[in-house]
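Asks: Quick one: the structure is below, questions incoming.
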Amino acid sequence: MVDIAFGPTPGPRPDVNDPRGAYLEMVRRKRMYGGILMLLFMALLYSGWVMADARNAGGFWDGLPNVFDFPSEVVAEAWQKLALLPPIFIEHIPALIETLNIAAVSTLLGALFAVALSLLATRGLARWPRLIPVFRRTMDAMRAVPEIVIALVLIYILGGGPVPAVIAIALHTGGALGKQFSEVAENADLKPIEGLQSVGGNWMQRMWLGVMPQVAPNWLSYALLRFEINVRASAILGFVGEGGIGHDLKLAMQWGQGRYDQVVAIFALLFLAIVVVDQISDHFRHKLVKGH
Amino acid sequence: MIMTANAVQQNSSLHNTVLQGFARKRRIAFAAPLLILAYLIYAAISFDLAGLAARARMDNAAILLSDFWSHKTHVTRDNRSGQVVVAIEGENKGTYPKGMLPEWVTMNGGVTTIDLGTGHIVTYDDAGARFVVPSYGTINIREVNGKPVMDAPLPIPDWISVASNKVSVTTDAGRFSYSRSKVETFKYQAGWELWFFTLDSPFYGKSLGQNVYLATIGPRVDENRTNFGYMLSEWWNNRMWQHGVVLWAIFETILMAFLGTMSAAIVSLPIGFLAASNFNPFGAARGAVRRVLDFVRGVDGLIWTVILSRAFGPGPMTGAIAIALTDTGSFGKMFSEALENIDEKQVEGVRSTGANAFQRARFGVIPQVMPVLLAQVLYYLESNTRSATVIGAIVGGGIGLLLTQAIVTQKDWEEVAYYMVLIVLMVMMMDSLSGWLRRKLIKGE
């Protein structure tokens, strides 16, 4: 057998009497493969950066010293107009609330979608087990389309406002949360459901009373995390499309020099909002998952 | 059985507690959906949902949908010079050259006949134009004192609109309009026209069989190169669809996501060690690293993108740096959490062989955390492909830029459809690639 595999000439073949040597040999070979892979990866990364640099309008080394130019220019101008800042803050708060509302509504709607889709797509819980692949592919498709595509098309049809952003983010949220929800529901204990079935509970009752109490903490935790993500998404969609604080930022940037106090105020508001939302959601997620 | 008074009292207090617990749960079960409903109603009012119906442009939706699966060809006559131009989507790039016409248009001297199908026939001649609609009759338009005068069976239906200077007719077969300066007919046909070759290409209008024959054993069209290479270059440089430019943009988007994610991962690994409580004994330094990470994450990707665009100018590198910066914040936090949850026993074992700190990290820690870190990095790579589309729209690189430009012009919806299909394919490809890598690298299948 060994002769067939390695050929009749005596040469490199595992020596049964020297397991230590064979082991070290294997380790060396694994390390060599790992090293080659690592080198290849690094070369790929490096050439990628070089290519991106070449296709960029400004080069990396030319731009590097200027990274702080714009922030310092903006901050310097805002510093001179420090007294004017508080009213500007207040002026942009409605836009911030709109951004947060977009995120909250789309998270809520998306989570509702996700609850239905995930229960229908989980083995052991599904209402129609044969349709599980259909619902899974639906979630995949909802996840795959970037928000900006749906948002821009809807802006063309529905004409501005926050609703296109809500629909776009909600669709994506439905797909993303649906997958996570279904992973949680897969691990749910089936005994309460069987119990409910034995007393004649219908599918809705089994899900509502048997599954929900088990999965609610993890689902809520995922939904909160998604809300954090959606706040950022709704800000960025505002910049590209319409509505909320992102749109205000775009307008302020277009005014350019002389109106940088607006830019600073918006940056600060957005930063504060994101930090506060992250902190609150972190706190509740810890409570939900660890129970204290 | 005889219960003591004490036990009965205890029992009833337990009974009360349980009942109170139930009542509380029931109140929450009612209150939570009510609160959510109230919030949604508030949101519907603040988003002006009622006004949406008035603002919605369903005609835009119809244009969009029809452009997604069909194209229109314009047959236009300039009424002053008498010149007739046939152009796909009315674009310069899709204009039929002299001596070349689609088979449903015939030109004979000054008379142009357009067959819109199902018996709808439009004729342009020196006197004006005629449109034969089968179930209705003939719409005859003559020019009198420089103004179009229409003669059609009465009563005039509502799909014909007559103004003093313009007559337009909309039928299922196509649209027709006559004004002082020009007369135009639009014919709608299924499919994305010129997707392979433009009109000026020698391969346009040939059947699949003919082109396969040419590509393989047929005589060379151009002496200097093979037909197959010629075809590829004709397709790649297609002026209508610009496949070369579009595929480069897709590549650029993937490049941004790849560079951003991987660079962030490499930078975050040492940072993760610095921010983990079991590797960095200096509380103050650890706190400082963590605050920096919090700051980087808090300054949203949007703000980073805007700041970096000012420094580096538009292009894919700016997008890659923006992704890398934002993700460094997230990776740093996640990596340090993973490092804090390792099993110390393996590190002990490596330490017992006399290993130094670097060797302990390399052989005791990295093998433990690698699967977790890789899974996170690969998940981010996939999600960043989507983000790179949006960021590309802001920094001016990749498919995001092409998409937003095509949408802003509100004209080339078939291109928007094409880009959307490509973006979804790209995301799905990256999704399965990252899934495959995860299985390969982590589970070792």
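The values are calculated or read from the model by the stated rules, or taken from the named source; none is laboratory data. All values reported here derive from a predicted model rather than from experimental measurement. Methodologically, a virtual Cβ is constructed for each residue, glycine included, from the backbone with ideal geometry; neighbour enumeration extends over all protein chains shown. The accessibility values were calculated without ligands, DNA or RNA, using every heavy atom of the protein model including side chains. Shrake-Rupley method; radii C 1.70, N 1.55, O 1.52, S 1.80 Å.
Asks: Across the range A:204-260, which residue is modelled with the lowest pLDDT among those that are open to solvent by less than 70 Å² (accessible area, probe 1.4 Å) and hydroxyl-bearing (S, T, Y)?
Replies: A:Y260
Asks: I'd like the residue in the range B:138-148 that is at pLDDT 80 or above and not polar (S, T, N, Q) and, out of all such residues, is surrounded by the fewest Cβ atoms within 10 Å (Cβ to Cβ). Can you show your working first?
Replies: Within the range B:138-148, the first condition is being at pLDDT 80 or above, and the residues that meet it are B:138-142.
Then drop every residue that is not not polar (S, T, N, Q), which leaves B:139, B:141-142.
Values: B:I139: 21, B:I141: 22, B:R142: 13.
Here the residue is B:R142.
Asks: Kindly indicate which of B:R24, B:R57 is within 30 Å of A:W208 (Cα to Cα), surrounded by 10 or more Cβ atoms within 10 Å (Cβ to Cβ) and free of Cβ contacts under 8 Å to residues at least 60 places away in the same chain.
Replies: Working: B:R57 fails: within 30 Å of A:W208 (Cα to Cα).
That would be B:R24, the only listed residue that is within 30 Å of A:W208 (Cα to Cα), surrounded by 10 or more Cβ atoms within 10 Å (Cβ to Cβ) and free of Cβ contacts under 8 Å to residues at least 60 places away in the same chain.
Asks: Residue under question is A:E77, and the condition is that it be of a type outside the set (S, T, Y), part of a helix (DSSP H, G or I), open to solvent by less than 90 Å² (accessible area, probe 1.4 Å) and at pLDDT 85 or above; does it hold? Before the answer, list the steps.
Replies: Values: of a type outside the set (S, T, Y): yes; part of a helix (DSSP H, G or I): yes; open to solvent by less than 90 Å² (accessible area, probe 1.4 Å): yes; at pLDDT 85 or above: no.
So A:E77 fails the test.
Asks: Now a separate question. Could you list, in sequence order, the residues of the range B:324-375 that are of a type in the set (D, E) and either part of a helix (DSSP H, G or I) or within 39 Å of the chain's Cα centre (by Cα) (or both)? Full working, then the answer.
Replies: So in the range B:324-375, the residues of a type in the set (D, E) come out as B:327, B:337, B:340, B:343-344, B:348.
Once the filter is applied, which keeps residues that are of a type in the set (D, E) and either part of a helix (DSSP H, G or I) or within 39 Å of the chain's Cα centre (by Cα) (or both), the range B:324-375 yields B:D327, B:E337, B:E340, B:E344, B:E348.
Asks: Among the residues of the range B:84-116, write down those that are out of contact with any strand residue (DSSP E or B) (no Cβ under 8 Å at 6 or more places or on another chain) and open to solvent by less than 30 Å² (accessible area, probe 1.4 Å).
Replies: Matches in the range B:84-116: B:E91 only.
Asks: Of everything in the range A:61-77, what is more than 33 Å from the chain's Cα centre (by Cα) and in contact (Cβ under 8 Å) with a residue 12 or more places away in the chain? Give them in sequence order.
Replies: Matches in the range A:61-77: A:E77 only.
Asks: One residue is enough: does the range B:307-319 have a residue meeting the conditions more than 30 Å from A:D62 (Cβ to Cβ) and among the hydroxyl-bearing types (S, T, Y)? Reasoning before the result, please.
Replies: If we filter the range B:307-319 for residues that are more than 30 Å from A:D62 (Cβ to Cβ), which is where we start, we get none.
Checked against the condition, which is being more than 30 Å from A:D62 (Cβ to Cβ) and among the hydroxyl-bearing types (S, T, Y), the range B:307-319 yields no hits at all.
Asks: Okay, moving on. Before we move on, is A:V275 more than 23 Å from A:K179 (Cα to Cα), open to solvent by less than 40 Å² (accessible area, probe 1.4 Å) and either within 12 Å of chain B (Cβ to nearest Cβ) or modelled with pLDDT under 85 (or both)?
Replies: Numbers: more than 23 Å from A:K179 (Cα to Cα): yes; open to solvent by less than 40 Å² (accessible area, probe 1.4 Å): no; either within 12 Å of chain B (Cβ to nearest Cβ) or modelled with pLDDT under 85 (or both): yes.
Answer is no for this residue.
Asks: Could you give me the residue pairs with C-beta distances under 6 Å whose first residue belongs to the range B:259-283 and is away from chain A (no Cβ under 14 Å) and in a helix (DSSP H, G or I), whose second residue is open to solvent by 60 Å² or more (accessible area, probe 1.4 Å) and not hydrophobic (A, V, I, L, M, F, W, C) wherever it lies, and which are 6+ apart or on separate chains?
Replies: B:A275/B:R290
Asks: OK, next. Return a yes/no flag: does the range A:169-183 have any residue that is within 19 Å of A:H247 (Cα to Cα) and either out of contact with any helix residue (DSSP H, G or I) (no Cβ under 6 Å at 6 or more places or on another chain) or open to solvent by less than 30 Å² (accessible area, probe 1.4 Å) (or both).
Replies: Going residue by residue through the range A:169-183, those that are within 19 Å of A:H247 (Cα to Cα) are A:169.
Still in the running and either out of contact with any helix residue (DSSP H, G or I) (no Cβ under 6 Å at 6 or more places or on another chain) or open to solvent by less than 30 Å² (accessible area, probe 1.4 Å) (or both): A:169.
Among the residues of the range A:169-183, at least one is within 19 Å of A:H247 (Cα to Cα) and either out of contact with any helix residue (DSSP H, G or I) (no Cβ under 6 Å at 6 or more places or on another chain) or open to solvent by less than 30 Å² (accessible area, probe 1.4 Å) (or both), which makes the answer yes.
The rows are residues; the columns are (1) under 13 Å from the mean Cα position of the chain (by Cα); (2) under 26 Å from B:K72 (Cβ atoms); (3) not assigned by TED's automatic domain parsing to the domain that holds B:T253.
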site	(1), (2), (3)
B:N384	no, no, no
B:A393	yes, no, no
B:L403	yes, yes, no
B:T409	no, yes, no
B:V424	yes, yes, no
B:M428	yes, no, no
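Asks: Determine if the range B:227-243 includes at least one residue that is within 14 Å of chain A (Cβ to nearest Cβ) and either of a type in the set (D, E) or not in a loop (DSSP other than H, G, I, E, B) (or both). Even if it seems obvious, please write down each step before you answer.
Replies: Narrowing the range B:227-243 to residues within 14 Å of chain A (Cβ to nearest Cβ): none.
Checked against the condition, which is being within 14 Å of chain A (Cβ to nearest Cβ) and either of a type in the set (D, E) or not in a loop (DSSP other than H, G, I, E, B) (or both), the range B:227-243 yields no hits at all.
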